[in-house]
1. How much length is gained on full extension from S276 to V291, taking 0.36 nm per residue of separation minus their Cα-Cα distance?
2. Going down the table (K310/K342; K228/K455; K106/K243; K228/K331; K136/K228; K58/K78), which pairs top 25 Å between alpha carbons?
3. Quick one: angle between helix 359-375 and the longest Cα principal axis of the chain, in degrees between 0 and 90, rounded to 10, please.
4. Calculate the dipole size of the chain relative to its Cα centre from +1 charges on Lys and Arg beta carbons and -1 charges on Asp and Glu beta carbons; express the result in debye to the nearest 20.
5. For a protection proxy built on the mean count of beta-carbon atoms within 10 angstrom, sort 302-315, 223-236, 100-113 highest first, please.
6. Label points 7 Å out from Cα along the Cβ direction at K228 and M378: separation in nm?
7. Please list, ordered by chain and number, the residues whose modelled amide H lies under 5 Å from the amide H of E205; skip anything fewer than 5 residues away on the same chain.
8. Specify the angular offset, from 0 to 90 degrees and rounded to the nearest 10, of the alpha carbon long axis of helix 37-59 from the longest principal axis of the alpha carbons in the chain.
Amino acid sequence: MAQAPHPQKKSKLTLYIIISLIAGIAVGFGLNKTYLFDDNQALVNIDLAIRKVQEQTKQTSDSIALVQLENQKKVLGKERGAILAARDKKVEPFSLLADIFLRMIKMIVAPLVFTTLVVGVAKLGDISAVGRIGGKTLLWFVGASMMSLLLGMLLVNIFEPGIAMNLPLPEADDVAGIASTGLSLKVFLYHVFPSSVIDAMAKNEILQIVVFSIFFGVATAGIGEQGKVVINFMDACAHVILKLTGYVMMFAPLAVFGAMTAIIAQQGVTILKTYSIFISEFYFGLAILWVILAIAGSLFIGKRIFNLIKRIKEPILLAFSTSSSEAAFPKTLEELERFGCKDKIVSFVLPLGYSFNLDGSMMYMTFASLFIAQSYGMHIPLPTQLSMLLVLMLTSKGIAGVPRASLVVIAGTLATFNIPEAGLALLLGIDPLLDMGRSATNVVGNSVATVVVSKWENALGNPIPEGSEL
C-alpha cells in the first residue's frame, strides 16, 4: 500500500520510543519525589484515615456514632477527590501529550478500517468467500479467547495472589465508581449493528464499522464494472491514510514520554511494591500467553513466527507505552502486509480482531475477577468459574471503544456472581500498568490470527524486503 519507511528511519523511531520510555520513567520518578510528594503523602494519610473510620464503623452499634462516622467518611472522600483532581492538574501537561496523540490515532482508525475493509471484501468477490474467511477467522478468535480465559483462570488458582490481601467483605452500598455492563442481548446487538455509520465512525465503534463495511464491500463487488471505480477510490484513500499515519507516528515518542511521566509521577514505585506479587504474576501469565500464541502460530507458518514478532516490535512497543492497542492498529496493518499477508485478508481479519480477539484483555478478566474474590476470602467452585468464563466470553465482545473496557466488563461479571464490586478499587491504581501489558498482547494475538488465516487461505506470500514499497 503506502511507501514503507526507510529501515534506518524505522529503527530510529523505535529507538526514540525506547529513549522516551526510559526518560518518562526517570522524569516521573523525580516528580513523584518532589513536585507531587505532598499530594501523594496526603492521599496515603487520607486512605489510612478512611480505613480507620471503616473499622470503627464495624465495631460500634451506637446510631449517633455511626452517623458521625459516616459524615466523617464523606468529608474524607471529598478531600481525597480534591487532592486527586489537584494532582491530575499538575501532570496535565504530560498526560496531554499522550491524549493528543491518541486522538490523532483515533481520527485515523475509523476511515482506515472502512476503506481497507471495503477494498478487502470487494476483492474477495462474493458473499461465499466472505463467509468462508469469516468462519475461519471467528473459529480462531473463539479458540484463542477461550484459551486466554482458561489460562487466566488456571494461573490465578495456582498463584492465588488475592489470598495475601485478606480483606473483610465491604458494605453492600460500597461501589468502585465504574458502570458495569450487563448481559443484555439488546446492548450487545446495539454494539454490533449501527443505526448510523456516521455516528459509529464518530464514536469509533469498530464492530459497527466492520458490519457496515462488509455490507458495503459485498454490494460494491455485486455491481460489477461500476464497483471498480469505488474500489480504486477506496484503495487510494487507504494509501492517503497510511501516509497520514506516517506523519502522526512522528509524534509517538512525545506521547510515550508524556504517558510514562504522568503514570510514574502519580503512582510512584510504592504502588509497584504494594502490588508487586499481583503485577509480576500477571505479566508472567502474559509471557506464557505470548509463548502459546507463538507456538500456535508456528504450527502453521513454522519458523517465520520469529520474523513476525520481530516485524511487529514497533506496534507492540507503541501499544505497551500508550496502553492502547488501537494506537498500534495502522502500523500493525502495514507490517502484516509487509510480512506477506494479502491486503484483502489483513483488512478483513485485523479490524474484526479489535472486537473479538483481545487475548491480553481476556486473560486479565478472569485473572482480575478471581483475584478480587480471593481478596475477600470467597471460594468460587470450579463449575462457577467455568460459567464465569462463558459470561466473560459473551460480555467482552463489541465494547472495544468503551473507556477502560476490561474494568467495565469485570464490573458486570462481579455483580452477576455476587462478588463485591467495591473490589475493583483494588485494581484502579495499578490498572494503567496492567493495561500496558495486555494492550501489547492484544497486538500479538491479532497479528498471529491474521497470519494464520492468511495461511489457511493460501494468501501468505514472501515478506517484502525492508525499504521496498508495498
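1. On the way: separation 15, 0.36 × 15 = 5.40 nm, distance 2.25 nm.
Going from the current span to full extension adds 3.2 nm.
2. Values: K310/K342 19 Å; K228/K455 27 Å; K106/K243 15 Å; K228/K331 27 Å; K136/K228 27 Å; K58/K78 21 Å.
Over 25 Å apart, Cα to Cα: K228/K455; K228/K331; K136/K228.
3. Helix 359-375 and the main axis of the chain meet at about 10 degrees.
4. Values: 37 positive and 33 negative charges, 197 e Å.
Taking the Cα centre of the chain as origin, the dipole is about 940 debye.
5. Working: 302-315: 16.9, 223-236: 13.1, 100-113: 19.1.
Per-residue Cβ counts within 10 Å, averaged per peptide and sorted highest first, yield 100-113, 302-315, 223-236.
6. Going by the 7 Å Cα→Cβ label model, 6.2 nm.
7. Result for E205 returns nothing.
8. 60
None of the figures in this text is laboratory data; all of them are computed from the coordinates on show. What you see is a predicted model; the values in this text were computed from it and never measured. FYI the Cβ positions are ideal-geometry reconstructions off the backbone, even for glycines, and counts take in every protein chain you see.
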